[in-house]
Amino acid sequence: MMIDGLVSGRLYGEAQIRTGQNGKRFVTCKVRATAGDGETLFVNVIAFDEEVQTALLALGDADSVSLSGALTPKVWTDKNGLVKPALDMVAHGLLTAYHMQRKRQAVHSPTADGHTVAGTDDDL
């Protein structure tokens, strides 16, 4: 079963560049997300889209990220024998705090007299 979804969380470790058997590059990473019940959920992410790859590689461990893409539910067993949920995602879209800053600047560009719109000069 595959679901199109949006996952927000923090990068767990660094994103890694890989090369497939066909010679094409892709990027993998793990994202720690918190489920509605407060439980931590790991999302195994793979990205084939070049823009998503570049953005993931620019992030560091524990950076916040939101990803959209095809999700596949999985389970894994920890070292104590407990079964835990996980998700695999083929990411096709990404949003970070950096992207939000750029979007805000584009939307709230200076007026004709060179002033910015009030309330749009925050640090994000």
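If you filter region 1-58 down to residues that are over 17 Å from residue 95 (Cα atoms) and hydrophobic (A, V, I, L, M, F, W, C), you find that the one that is farthest from the chain's Cα centre (by Cα) is 1. Going through (1) touching a Leu at 6+ places or on another chain (Cβ under 6 Å); (2) surrounded by fewer than 17 Cβ atoms within 10 Å (Cβ to Cβ); (3) of a type outside the set (A, V, I, L, M) one by one, residue 48 falls short only on (1).
For region 55-93, a tally of residues being among the polar types (S, T, N, Q), farther than 14 Å from residue 31 by Cβ and modelled with pLDDT of 95 or more returns 2. The set of residues from region 63-76 being farther than 20 Å from residue 17 by Cβ and either touching a residue at least 40 places away in the same chain (Cβ under 8 Å) or of a type in the set (S, T, N, Q) (or both) comprises 64, 66, 68, 70, 71, 72, 73.
The values are calculated or read from the model by the stated rules, or taken from the named source; none is laboratory data. Keep in mind it's a predicted model, so treat the numbers as computed, not measured. We place every Cβ from the backbone using ideal geometry, glycine too, and count neighbours over all the protein chains shown.
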